[in-house]
1. Quick check: is even one residue across the range 378-393 among the polar types (S, T, N, Q), over 30 Å from Leu200 (Cβ atoms) and at pLDDT 80 or above?
2. What are the residues in the range 160-182 that are within 18 Å of Lys134 (Cα to Cα) and in a strand (DSSP E or B), if any?
3. Pairs, please: C-beta under 6 Å, at least 6 apart or cross-chain, first residue closer than 12 Å to Lys118 by Cβ and at pLDDT below 95 and in the range 145-158, second outside any strand (DSSP E or B) and charged (D, E, K, R)?
4. Would you confirm whether or not the range 107-115 contains a residue that is in contact with a strand residue (DSSP E or B) (Cβ under 6 Å, 6 or more places away or on another chain) and assigned to a strand (DSSP E or B)?
5. When you look at Ser92, is it of a type outside the set (Val, Ile, Thr) and touching a helix residue (DSSP H, G or I) at 6+ places or on another chain (Cβ under 9 Å), yes or no?
6. Looking for whichever is assigned by TED's automatic domain parsing to the domain that holds Asp207, under 27 Å from Val224 (Cβ atoms) and within 19 Å of the chain's Cα centre (by Cα) here; the options are Ala107, Ala87. Which one fits?
7. Quick check on my filter: what residues within the range 228-242 are surrounded by fewer than 24 Cβ atoms within 10 Å (Cβ to Cβ) and touching a residue at least 24 places away in the same chain (Cβ under 8 Å)?
8. Taking the criterion of being buried (at least 18 other Cβ atoms within 10 Å of the Cβ) and either farther than 25 Å from Trp142 by Cα or among the aromatic types (Phe, Trp, Tyr) (or both), would at least one residue in the range 79-86 satisfy it?
Amino acid sequence: MVKNYFRVKNIFNYIGSLCLLTSSSSAAAFYDAYPESEGPYISGPASENLQWLGEDFSSYIDVQQLECSNNKNAIDHFDVTSGCLQAKYVDSWKLGWTDDKVFRVVAIGKDSNGSEIKYTDQTNQYRAFIKTWKNSGSIPAWSGLHAFARYQTSDDLYVGSIRYDGNVTIKVKYQGAYTTLAQTKLTNGVKNYLNTQGKLAAGQWYDIHFSVVGNKLTLALDGVELLSVNNDLLTEGTIGIRTDNLSAYLDDWQLLPSDSIVVDPPTDPEIPTDPETPAEVVEFIPGKTKVINGDIYSYDGQCYQAKNSPGSWEVPSNASWFWTAVECVDNPSPPTDPELPTEPVPPTDPLPPTTAVEFIPGSTKVNNGDTVTYNNICYQAKNSPGSWETPSANSWFWDVVTCP
C-alpha cells in the first residue's frame, strides 16, 4: 500500500468582519479542503496509486478522544470539522463513536511524493450504527446519516443522505446553496429500515456507499442501489461523513476505487405467489439471505435465531452479537421410503499447519495481500475487504491461494 502523508487544513471564518471563532459561531466556519495557499495538488481517480489510509478504529485504546473540531492536529489522515470523534470498544469490536448533534469529518490524503490528492472517480463507504436519536419529538426531517463525495469546501460538495423522515436524497451544494438532484422514499428491504412511525430506525447498522464516476452519482444502502443521477458541477475532491441529531458508532470507513462496489439496481417488488410447502428453517447464504429478527436460519449444520437486525454478511456464529444458537426444528415432511445405506465417505485430511491467520467475520482486520484461512481454505485479500466480507471462491475481495 502506498504510504499516505497528511497535513492539517485551514479554517477560515466569515462572520461579517474578521473576528475570533467561538463555540457559538462554529456553524459559520468555512472549511477549505484545498486552500490555494497550499499544494501542489494532484488529481486522479481513487486507485492503487491514489489511495487513502481509511479508518477501522482498530489501532486506538478504548474511549480515546481522537479529534475534535477545535484540535485538528490530533489525527493526520482526517479532519473533524464539527463535533468530536472518539474510539470505543463494544464487546470485541473496536469502533468510532460520535455523540454530537452536528458531526462532520473529512478525509485527507497524499501520495508517496507528498502531493495532496483531489480524487475524481471515487466511492465513499462507511458503516454506522444509530444508537439513539437526539431531540426526541422534535427531530428535523433532514437528520440522519450522510456521505460526502468530491468535497472541496464546506460550500462545494456532493452529499448522499439517508434521512430521519425516510427520504433518500442526493444533493449538490455549490457556492453555499443546496440543490436536490434526486430523491426517493426508503422502504424496508434488506432490513426493516423504518420504524412503526415511518422514521429511520435506531438500533441497527447501515452500510452506506456513495459513488461518483464521471458525472454519474450513485447512492447505495446495504448493497442495494437507491438513487442514481447525473451532474457536472463538481469534478474532484475528497470524501467525508456527516451525521445530524443522533449518537452513532462508525466503522470500516474507506475510499474505494470507483469500480469496486457492485450493487443491485432497485427493482419493483415481486408479485406474491402461493407458496409451496413452507420451510421452517431457511439456509443462511452469506451476501444473499435477507434476515428478519426472530426468524431461525441454518448455517454450517447449526441453527441460529436472528437478533439486532443482522445484514446479509453477518455470518451466524455462537459469538456473534447478531445471532443466538438455537435447537434446530425439523421441517415436517411426508413419510418416505427409507434410503438404502451407502458407503461412508472417508474423512478429508485436515488443513496442514499454516502461518495464515484464521478469518473471523466481524473481527479479523485484513490488508490487501494478506493471506487468511476460512473453512480450511486459504484466501488472499484484494480490493480492501472489510471485516464482514466473508472469503469465498467467487468473491471480488478474495482469491483462493495455496496455504503458506
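The values are calculated or read from the model by the stated rules, or taken from the named source; none is laboratory data. Just so we're clear, the structure is a prediction, and the values are computed from it rather than from any experiment. Positions of Cβ are generated from backbone atoms using ideal geometry, with glycine treated the same way; all protein chains shown enter the neighbour counts.
1. Filtering the range 378-393 down to residues among the polar types (S, T, N, Q) leaves 380, 383-384, 387, 390, 392.
Restricting the remaining residues to those that are over 30 Å from Leu200 (Cβ atoms) gives 380, 392.
Among the residues that remain, those that are also at pLDDT 80 or above are: 380, 392.
Yes, the range 378-393 has at least one match.
2. From the range 160-182, those within 18 Å of Lys134 (Cα to Cα) are 161-166; that's our starting set.
Scanning the range 160-182 gives Ser161, Ile162, Arg163.
3. Correct list of pairs: empty, since none qualify.
4. Yes, because at least one residue in the range 107-115 is in contact with a strand residue (DSSP E or B) (Cβ under 6 Å, 6 or more places away or on another chain) and assigned to a strand (DSSP E or B).
5. Working: of a type outside the set (Val, Ile, Thr): yes; touching a helix residue (DSSP H, G or I) at 6+ places or on another chain (Cβ under 9 Å): no.
Taking the combined requirement at face value, the residue does not satisfy it.
6. Values: Ala87 fails: under 27 Å from Val224 (Cβ atoms).
Result of the check over Ala107, Ala87: Ala107.
7. First, pick out the residues of the range 228-242 that are surrounded by fewer than 24 Cβ atoms within 10 Å (Cβ to Cβ): 228-236, 242.
Within the range 228-242, Ser228, Val229, Asn231, Leu233, Leu234, Thr235, Glu236, Arg242 qualify.
8. So in the range 79-86, the residues buried (at least 18 other Cβ atoms within 10 Å of the Cβ) come out as 79-86.
Now restrict to residues that are either farther than 25 Å from Trp142 by Cα or among the aromatic types (Phe, Trp, Tyr) (or both): none.
So far as the range 79-86 goes, no, none of its residues is buried (at least 18 other Cβ atoms within 10 Å of the Cβ) and either farther than 25 Å from Trp142 by Cα or among the aromatic types (Phe, Trp, Tyr) (or both).
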